[in-house]
Amino acid sequence: MSQGENAVAEPYEDAAGRHPAEAVAGDTAAPPADEATEAGATEAGATEAGATEAGAEHPPAAAEAAGLGLADLELEGEIAADYVEGLLDVADLDGDIDMDVEGDRALVSVVGATLDELVGPRGEVLEALQELTRLAVHRQTGARTRIMLDVGGYRQRRRAQLTEAGQAAADEVRHTGVAKKLGAMNPFERKVVHDAVAAAGLRSESEGEEPDRRVVVLP
């Protein structure tokens, strides 16, 4: 693995058997495949296609395009918070739930004691819980949702790490003139890297299939 991949990928932690949060996610019907891909789960306001060109404008905000107002987003947050609270009860985990509206999406955060069970290796459990939460909101509202679920500030920390890695990769490519392939990432992570590369004035694209889809920074 190259130095660039090590800068992006987090090491997997040992996981002997399923913890309660994994059991809850595993015993619930899996979300539709299209909602687990970039088409349905792109995380931060734009598709990867819209982020590949350094100067490209992001497509219209999904909430605006769907005609969602503040009240609609707050309702999504309330539904999601109730659903997540139920999951915590089933898994016998403690945590406080905060709701907010960030830009054009609702944000539900679980804060409190040790919450590693809800994040999992490289955020995999968190991604699964977010998809389940989106499905729960969709069932009640009938509308597709882009609600974001965070646990213990994981996404904020990961965004900072990936932004730094994307900037470092862009600097390396600018210096060498050779494209650089980064480690496999989920849609949220790839979107952060695309934005960082675009901010540095270079282009990037995604290649491969899930779960091995990754960002390539272009000279």
Original post:
Counting only residues that are hydrophobic (A, V, I, L, M, F, W, C) and either part of a strand (DSSP E or B) or crowded, with 24+ Cβ neighbours inside 10 Å (or both), which one in the range 163-184 is nearest to the chain's Cα centre (by Cα)?
Top reply: ALA184
Subject >> Condition check for LEU202: buried (at least 16 other Cβ atoms within 10 Å of the Cβ), more than 30 Å from GLY120 (Cα to Cα) and at pLDDT 95 or above >> reply: yes
**OP:** Taking ARG159 as meeting all but one of (1) more than 14 Å from the chain's Cα centre (by Cα); (2) without any contact (Cβ under 8 Å) to a residue 60 or more places away in the chain, write down the number of the exception.
**Re:** (1)
Original post:
Which one is farthest from HIS194 (Cα to Cα) among residues in the range 126-162 that are of a type in the set (A, V, I, L, M, F, W, C) and not in a helix (DSSP H, G or I)?
Top reply: ALA143
**OP:** Filter the range 68-94 down to the residues that are farther than 13 Å from ILE147 by Cβ and in contact (Cβ under 8 Å) with a residue 40 or more places away in the chain, then identify the one that is surrounded by the most Cβ atoms within 10 Å (Cβ to Cβ).
**Re:** LEU87
Original post:
Right, GLU53: at pLDDT below 85, closer than 30 Å to GLY201 by Cβ and part of a helix (DSSP H, G or I) or not?
Top reply: no
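The values are calculated or read from the model by the stated rules, or taken from the named source; none is laboratory data. Computed from a prediction, not measured in an experiment: that's the story for all the values here. Glycine gets a Cβ as well: all are built from the backbone with ideal geometry, and neighbour counts include every protein chain shown.
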